[in-house]
1. Order of Val118, Val39, Val267 from fewest to most other C-beta atoms within 10 Å?
2. Quick check on the chain: helices-only [θ] at 222 nm, where DSSP H runs of length 4 and up contribute -39,500 (n - 2.57) each and the sum goes over total residues. Nearest 500, please.
3. Given H placed on each backbone N at 1.01 Å, which residues far from Leu159 in sequence or on other chains put an amide H within less than 5 Å of it?
4. Given a Förster radius of 35 Å and the C-beta distance between Cys274 and Met230 as r, what FRET efficiency does 1/(1 + (r/R0)^6) yield to the nearest 0.05?
5. Direction-averaged shadow area of the convex hull around the Cα atoms of segment 2-89, nm²?
6. Using a cut-off of 15 Å between alpha-carbon atoms, which aspartates and glutamates can reach Lys4, once sequence neighbours fewer than 8 places away in the same chain are excluded?
7. For the chain, what does the convex hull of the Cα positions come to per residue, in cubic angstrom?
8. Give me the extension gain from Asn62 to Leu208: residue separation times 0.36 nm, minus the current Cα-Cα distance, reported in nm with one decimal.
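FYI, it's all coordinate maths here, none of it is from the lab. All figures in this text were calculated on a predicted structure; none of them were measured in a lab. Quick reminder, even Gly has a Cβ in these numbers, built from the backbone with ideal geometry, and neighbours come from all protein chains shown.
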Amino acid sequence: MEEKISQIQKEYLEEIQKAQSLKELDGIFLELFGKNGVVNKLSEEFPKVPKEERPKIGPLFNQIKSGLEKEIEDKREKIREAGYQKLDEEKLDFSKSTQIKPRKGRLHPVTKLEKEIVNLFTKLGFSQFSAPHIDSEEYNFELLNIPKGHPARDLWDTLYIDTHNLKATPGELLLRTHTSNAQVWIMRELKPPVRMMIIDRCFRYENLDARHEHTLDQFEIVYIDKGVSMANLQYLSEYFFKGILGADIKARLRPKYYPFVEPGAGVDGLCIFCKGKGCKVCGGMGWLELAGAGMIHPKVLENGGIDPSVYSGIAWGVGPERMAMLKYGVEDIRLFKSGDLKLYESI
Ligand code: FA5
């Protein structure tokens, strides 16, 4: 038995030395210590060993068993180290694996356009004003001459805030539908003469199509002074559209009803996609509605604490995304929020 154990030791030490890979070592380990391995088989022969030999054979068996285990583990370590060394020698340069050129950041086309608009009106002495996105129906409707239950509220598909758990009555809070909510905030904060502009987000429960978004930007001006008239509105419209869309732009003013202006006007730009013939982008009109405008209603001036017998004003709300459609020839307003970098880079 003693000889047999020594023979196994000799044979497997040689095998371990010759092994070149971790896989080979796994094989040797299984041959030795697996369920049907050499070591197990050997221990099954112990009962046959004569009693007087047993005190010697037992410790020898254990010593050789743990010796072989250690040899295997040491050899594993050596193979692993050799592998790391090889990796070091190859001097892998990971920086070479990224051949993608870094992209240059740029402004979103609508942001670019909005900056141009703000510059244009800053030159005329207008300053920026900010009003709440979540506002009361008082500022969004009531103070703008649109009382509760008035059918004019249907002109705006409104998203109301769930006031459950808030200190507000149901229907009192909403996502502003237009930047006109800023009108009375401005009047209550500033004394005339007033030249303010708002350029910011609005929200509507819209039926989405090529020219309607649920989250849209508006640019609004509020100009209040003595003797302000529709002539100022006409002048500012031309200054604005020519400044942004170029001298060739064809725009028109037509009568339009808004409860907070009197008289009211719609401002349209000729549809560049069909040149006025009517297409899916302009909804068959031949013109794309760009803005609503008019002389601020005397009741609204009063709500803002301004005497309408002394002062008059104009207000004007434009959709910059609609202007961007005309300026950049983009057929669908939804593309501006699509995250399509190819489109943004082409503009
Ligand atoms: C208004 O929102 C009025 N507050 C405008 C106004 C201001 C009138 C001051 C008088 C005085 P209207 O809903 O028509 O009006 O919207 C104004 C402009 O916003 C439209 O002409 C259009 O350019 C843009 N717009 C309106 N709805 C959308 C929409 N769903 N998606 C993209 N742009 C829109």
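1. Numbers: Val118 16, Val39 19, Val267 23.
Going from sparsest to densest Cβ surroundings: Val118, Val39, Val267.
2. Working: 11 runs with 136 residues, N = 347.
One gets -12500 deg cm²/dmol as the mean residue ellipticity at 222 nm.
3. Sorted by chain and number, the residues that satisfy this are Leu175, Tyr205.
4. Details: r = 30 Å, r/R0 = 0.85.
Efficiency, from the Cβ-Cβ distance: 0.75.
5. Values: hull surface 23.5 nm².
That works out to 5.9 nm², a quarter of the Cα hull's surface.
6. Glu44, Glu45, Glu53
7. Working: hull volume 100.8 nm³, N = 347.
Output value, Cα hull per residue: 290 Å³.
8. Values: separation 146, 0.36 × 146 = 52.56 nm, distance 8.06 nm.
Answer, rounded to one decimal: 44.5 nm.
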